[in-house]
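The values are calculated or read from the model by the stated rules, or taken from the named source; none is laboratory data. Fair warning: this is a prediction, and the values are worked out from it, not measured in the lab. Every residue, glycine as well, gets a Cβ built from its backbone with ideal geometry; the counts of neighbours run over all protein chains shown. To get the accessible areas, we keep the full protein, side chains included, count just its heavy atoms, and leave off ligands, DNA and RNA. Shrake-Rupley method; radii C 1.70, N 1.55, O 1.52, S 1.80 Å.
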Amino acid sequence: MDMASYVNDLGREFATLAEVDGDEARALVERLSGSLETAIRMTLLDALSAAANEITRDLAPGSVELRLRGRDPHFVVTSPAAEDDPATVGGGALIDEDGPSSRINVRLPEQLKAAIEEVAAKEGRSVNAWLVRAASAALQRADREQRPSGKQPQQGLTAWVR
C-alpha cells in the first residue's frame, strides 16, 4: 500500500489552509512539513494496525497482519485451510470433530438456515460440520477477547530494517 499519496494529500490540505492566513502561516507550515509528514505517517500506521487487529478478531481463526516494507505497509491475510485447520477452543485444545458427539436441537430462522446451508455447500461441508467449525471459532474468539482485569492489551510493531 503506497501511503505517499495520502500523506501528500494531507500536506496539500495544510498548505491550502496556510495560504488563507498569509505569509506567516505559510512559513510555519513549511517549517513543520517534515514533522507533519512523520506524524501523519505514524498516525496512519496506528489506524491501519488497529484495523488489522479488529479484522483479525472477526476473521478468527484466520488473521490479518500489517507489515512494513521500507516506509510502506503491506497486509498479509492468513485464512484457515478448508480441510487442514483443526477446530480448537480455549488455549488451543483440539476439538475432535470425529470423536464422540452429542445431539442438540436448534431452532433457526428460515433465512439463517438457508444462508448456513448455502455457505456450507460452497465450502463442501455438511451443515453440521460447518456449525461445529463456526461454534469452535466463536469460542476461540471469545477466549482471546477475555483478558485478565487490570492488564492493558499489548500492542506491537514488527518490522525489518536494513
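When only residues in segment 17-29 that are at pLDDT below 80 and under 22 Å from R41 (Cβ atoms) count, which is least open to solvent (accessible area, probe 1.4 Å)? Step by step, filter segment 17-29, then rank; the result is A18.
Could you please let me know if A51 is modelled with pLDDT under 55, small (G, A, S), open to solvent by 40 Å² or more (accessible area, probe 1.4 Å) and not in a strand (DSSP E or B)? Taking the combined requirement at face value, the residue does not satisfy it.
Could we say that G34 is touching a Ser or Thr at 6+ places or on another chain (Cβ under 9 Å), of a type outside the set (A, V, I, L, M, F, W, C) and assigned to a helix (DSSP H, G or I) here?
Details: touching a Ser or Thr at 6+ places or on another chain (Cβ under 9 Å): no; of a type outside the set (A, V, I, L, M, F, W, C): yes; assigned to a helix (DSSP H, G or I): yes.
No, not satisfied.
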